[in-house]
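Before any comments, here is the structure.
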4 protein chains.
Amino acid sequence: MAPRSDEQFEQIRQQSRKNIQETALELFARQGYHSTTISQIAKAAGVSKGLMYNYFASKDDLLQKLVEEEVEAGVFALELAQQSFLPPYQQLELIVEETIRAVQTDVRHWKLLTTLSMQEEVMQQVKELLPQKMKESMALMIELFAKMGVPNPETEAWFFGATLDGLFLHYLTAQGTDIVYPLESMKQKLLSRYVAYKATNS
Amino acid sequence: MAPRSDEQFEQIRQQSRKNIQETALELFARQGYHSTTISQIAKAAGVSKGLMYNYFASKDDLLQKLVEEEVEAGVFALELAQQSFLPPYQQLELIVEETIRAVQTDVRHWKLLTTLSMQEEVMQQVKELLPQKMKESMALMIELFAKMGVPNPETEAWFFGATLDGLFLHYLTAQGTDIVYPLESMKQKLLSRYVAYKATNS
Amino acid sequence: MAPRSDEQFEQIRQQSRKNIQETALELFARQGYHSTTISQIAKAAGVSKGLMYNYFASKDDLLQKLVEEEVEAGVFALELAQQSFLPPYQQLELIVEETIRAVQTDVRHWKLLTTLSMQEEVMQQVKELLPQKMKESMALMIELFAKMGVPNPETEAWFFGATLDGLFLHYLTAQGTDIVYPLESMKQKLLSRYVAYKATNS
Amino acid sequence: MAPRSDEQFEQIRQQSRKNIQETALELFARQGYHSTTISQIAKAAGVSKGLMYNYFASKDDLLQKLVEEEVEAGVFALELAQQSFLPPYQQLELIVEETIRAVQTDVRHWKLLTTLSMQEEVMQQVKELLPQKMKESMALMIELFAKMGVPNPETEAWFFGATLDGLFLHYLTAQGTDIVYPLESMKQKLLSRYVAYKATNS
DNA sequence: TATGAATGAGATTTCATTCAT
DNA sequence: CATGAATGAAATCTCATTCAT
C-alpha cells in the first residue's frame, strides 16, 4: 500500500538498466549494431520495447553508454599493473597477461569495440573517447618502458602497443574459423623482447 | 566475332560498374555499410537507383563484390614481393614498404575491410573469405622467414603479421585525430628485428 | 457530521486537484494539448503520474474539466456588468474594460480557449459548450443594446462581439512578436461608437 | 522503354505532391494536426505511407509547407483590391467581399490557420510568418484608409482588421452548430461605417 | 492515498527494391 | 539500357494508462 521507497525504486532502475545494457551488448557484439533491433533486445531482456526508452533516450544513446563503459574497462589492465607496484618488467608481464585474459574472456565485446573504433558513423562522443584513451594508455606505457631502461621508450611503447593489438586483431579474426591462433607463443615472443630488462634487482 | 558495338557496350558496362563500386566503397568506408543508402550511392555515382540493380543483384551483393576485390588487393604486396625474386630480407622490406604505402594511400578502403572483418553481421561469404586470405598470407610469410633462416618461422610469421596489422590498426584509429602516428619509425623498428638475417647470401 | 480528518482530506484533495489543473492549463496553453504529456504535467505539478488518475479519469477528462471552468470564467464580465445595475452605457464600458483586463491578465488561458474552439478534434462536450456560452453572451448583449436604445440591437450585439473578439484575436496573435498592439485606442474607438447613447437617462 | 522525360517526371511529382498536400490540408483542418496520422493521409490520398517522405521530410515539414502556402493566400484579397485601381471605398468593398467569399468557400482551411496561429507548439517558421503577414496587411490597409481620407488611418486600419477577423472568428465558431451567423448584415454594418467616404469622385 | 516502473498499441520514419515508361 | 516515383515491410520511438507495492 505504501509506495516503494526511493531506494527500492533506485534498485529496480539499476537492475532494469543493467539487464537492458547487458542484453544489448551481447546482441550488438553478436549481430552488429544495425542488425540488432530494439524488439530483439527487448525480447531477449524480457521487457517491453517501450521500457528501453525509460533508460536510454534512443538506440544510439544505448550504444553510446555501452561503449563508454567498455572503453573505461579497456585501460583496466594498465591501471591494475601500475597500482601493483611490481618491478617494471613484471608489470609488463601483468599487462600482457591481464589483457589476453580479458580479450579471451569477452571476445564479442572486443570485437564490438574494435569495429566501432573503425566506424566513422559512430557518434561523435565515442569518436572522441577512443583516441583519448589511446593517449592515456600510451602515456602509461611510455613511463613503464622508461623505468625499465629501454632506449627510446616512446617508440617502444607504440611498437609494443601495436603488436599487442595486432595479436588481438588476428585472434579475434581467427575466432569462429578453423584457425587456431597461437596466442600463448605470441605472448612469450612479445615478452622475450624485453626479457633483458628483467633482472633489475640482481 | 561479336560485332564491335557489343564490345563497346561491354566496355561501358565495365566502366559504369566500376564507377558504382568505387563510389560505394568510398561511402561504405566513410559512413559504414548500413548507414549508406542505395540512393546516396546512386546520386554520388551519378546514376539512377534502378541502374544499380543492373549490375548488382542487391545492396548485399554490391558489398560482396566489393570486398572480394579488396581482399584480392590485400595480398598484392606479398605476391609482388614473391615474384620479385629478391633476396628474402629485401622481400620483407618490400612487403613492409608496399603495405604501408597501400594503407597510407587508401585509408578508407582499409578501414572498411578491417571493420567488415569484425562484423559477424556481414554476409557469410565475406566471413569465409578473410580467414582464407589470412591463411594464404601466412603460408607465404612462413616460407619467407624459413628462407631467411629465422628460427621458428611459423611463430615468427604470426608475430610479424600481428605487428604489421597492429601498426595499421593504430594508424587507422589515429586518422582524423590529433595523434601523429610514427609510421616510419615503426617500420624501421619492425625491420630491425630481422636485420641480422640480411647478409645471408653474401 | 463527518470527522474533521475527512474535511482535511477533502481540502487537500481540492488543493491537489487545483494544482494539477492550473499546471495543466499553463502547459496546454504554452505547448498545445497534444504536445503536453501527462509526465510533464505531473512533474511540473510535483505529483506522481499515478496520482493524476485519482483526480481525472484521463487526459481528455482533464482537458474537459479545465475548459468547463475556463468557459464559465469567460462570461464573468458580462454577468458582473449585469449585476452592477449601472446605466446601460456604463455597463458596456465595464464589459469592455473587464474583458480587456481579463485577457491581458491571462493571455495563455485565452489562447487555449480560442485554439480549442477551433479544433474539431477536441471532445464533443467541449464543442457543445462554446456555442452555448456564445448564445448566452449574445442574449445578454442584445438586451443591453436594446436598453440603450440602439437600433437593431441584435445585429449590433453581433457586431460589437465580433469587434471585441477580433481585438483579442489580434492582441493574442501579436503577443510574443515585436508588434505593439494598440489595445487602449481600440477600446476607445469601440466605445466611441456608442457614446451617443450615453446620456439616455439624464 | 525509353525513360520518362524530365518534364514527365516533374509533372508526376507536382501531381503527387499536390495530391498529398491537399489531402493533408483537408484532414488537418477537419481533425487537427495531431489527430491526423500519416496513415490516414496516405490512405485518403490513395498512396503509400512511404511516398509522403519523397515529398516532405516529415509530418512537421508537411504542415509547414501547407501553412506557408495558406498564409500566402491570406493576403490575396488585399493585393487583388490594390491592383484593381478602383476608388478606395470600392477597394474596401472588394476586400470585404473577397475575404468573406474566401472564408465561406474554405471554412476548414481558415479554421486550421486560426488554430495554428494560436498554437505556440507550431514550428518556428510559421510563428514568424504570421506576424509578418499581419504587418504587410496592415500597411496596405493603412494606405487605403489614408487615401479615403479617414482620420487616424492607422487606428482605423487596426479597428477594421479586428472587426473583420472577429466576424470570421465568430462565423467559424458558429459553423457546425445551430447558430446561423448573420454574415451579410455584418458586412453591411462594417462597410456602412465608411460609406461617408464613398463619394470621392462626385 | 501515492508512487513511478512497466506496458503495448500505435505513431512516425526509413529504405531496399520494383516497375511502368 | 536507364529512370526515379512508388511501394511496403520493418524499424524506431511515444506516451496514456496500469498496477504492484
**Study point:** One residue from B:I12, B:I20, B:I38 being exposed (fewer than 13 other Cβ atoms within 10 Å of the Cβ) and β-branched (V, I, T)
**Key:** B:I12
Exercise for review: Can you work out which of the residues in segment A:150-163 that are more than 7 Å from chain B (Cβ to nearest Cβ) and part of a helix (DSSP H, G or I) is surrounded by the most Cβ atoms within 10 Å (Cβ to Cβ)?
Suggested key: A:F160
Check your understanding: Out of all the residues in segment B:20-50, which are part of a helix (DSSP H, G or I) and under 18 Å from the mean Cα position of the chain (by Cα)?
Key -> B:Q21, B:E22, B:T23, B:A24, B:L25, B:E26, B:L27, B:F28, B:A29, B:R30
Check your understanding: Do we find that A:L172 is more than 10 Å from chain B (Cβ to nearest Cβ), under 23 Å from the mean Cα position of the chain (by Cα), farther than 12 Å from B:G166 by Cα and assigned to a helix (DSSP H, G or I) in this structure?
Key -> no
**Study point:** Residues satisfying the stated conditions in segment D:100-111, i.e. in a helix (DSSP H, G or I) and under 17 Å from D:T173 (Cβ atoms)
**Key:** D:I100, D:V103, D:Q104, D:V107, D:R108, D:H109, D:W110, D:K111
Review point. With (1) within 16 Å of DNA strand F (Cβ to nearest atom); (2) assigned to a helix (DSSP H, G or I) as the list, and A:A57 as the residue in question, which single condition is left unmet?
Key: (2)
**Study point:** So C:Q83, is it away from chain D (no Cβ under 14 Å), more than 16 Å from DNA strand E (Cβ to nearest atom) and either of a type in the set (V, I, T) or over 30 Å from C:T173 (Cβ atoms) (or both)
**Key:** yes
Practice item. Name the one entry in B:S48, B:S58 that is of a type in the set (S, T, N, Q), at pLDDT 95 or above and under 22 Å from A:H34 (Cβ atoms). Key: B:S58
Check your understanding: Is it the case that some residue within segment A:134-149 is away from chain B (no Cβ under 11 Å) and not in a helix (DSSP H, G or I)?
Key -> yes
Practice item. Take segment A:182-202 and flag every residue that is surrounded by fewer than 18 Cβ atoms within 10 Å (Cβ to Cβ) and free of Cβ contacts under 8 Å to residues at least 40 places away in the same chain. Key: A:E184, A:S185, A:Q188, A:S192, A:R193, A:A196, A:A199, A:S202
**Study point:** Residue among C:Q15, C:Q82 that is in contact (Cβ under 8 Å) with a residue 40 or more places away in the chain and more than 16 Å from DNA strand F (Cβ to nearest atom)
**Key:** C:Q82
Revision key, fill the gap. Over segment A:82-99, the set of residues part of a loop (DSSP other than H, G, I, E, B) and aliphatic (A, V, I, L, M) is A:L86
**Study point:** Subset of segment D:108-128 [at pLDDT 75 or above and more than 11 Å from chain C (Cβ to nearest Cβ)]
**Key:** D:H109
Point to revise | In segment C:35-54, the residues that are more than 7 Å from DNA strand F (Cβ to nearest atom) and either assigned by TED's automatic domain parsing to the domain that holds C:T114 or out of contact with any helix residue (DSSP H, G or I) (no Cβ under 8 Å at 6 or more places or on another chain) (or both) | key: C:K43, C:N54
Check your understanding: So which of C:E68, C:E72 ends up being touching a Lys or Arg at 6+ places or on another chain (Cβ under 9 Å) and either of a type in the set (S, T, Y) or in a helix (DSSP H, G or I) (or both)?
Key -> C:E72
Point to revise | segment B:175-198, residues that are closer than 16 Å to A:L167 by Cβ and part of a helix (DSSP H, G or I) | key: B:M186, B:L190
Review point. Yes or no: A:G32 at positive phi and within 14 Å of chain B (Cβ to nearest Cβ)?
Key: yes
Review point. Would it be correct to say that B:Q31 is away from DNA strand F (no atom under 14 Å from the Cβ), exposed (fewer than 15 other Cβ atoms within 10 Å of the Cβ) and of a type in the set (S, T, N, Q)?
Key: no
Revision key, fill the gap. Within segment C:20-32, residues being within 15 Å of DNA strand E (Cβ to nearest atom) and touching a residue at least 24 places away in the same chain (Cβ under 8 Å) number 3
Study note, to complete from the structure: Note: among A:Q14, A:Q64, A:Q82, just one is of a type in the set (S, T, N, Q) and farther than 30 Å from A:M141 by Cα, namely A:Q14
Revision key, fill the gap. By residue number, the members of segment D:161-181 that are within 21 Å of C:V180 (Cα to Cα) and touching a residue at least 60 places away in the same chain (Cβ under 8 Å) are D:L164
Review point. Scanning segment C:1-10 for residues that are more than 12 Å from DNA strand E (Cβ to nearest atom) and part of a helix (DSSP H, G or I), which turns out farthest from C:T115 (Cα to Cα)?
Key: C:R4
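The values are calculated or read from the model by the stated rules, or taken from the named source; none is laboratory data. In this text the structure is predicted, and so the values were computed from the model without any measurement. No Cβ is skipped: glycine too gets one built from the backbone with ideal geometry, and neighbour counts run over all protein chains shown.
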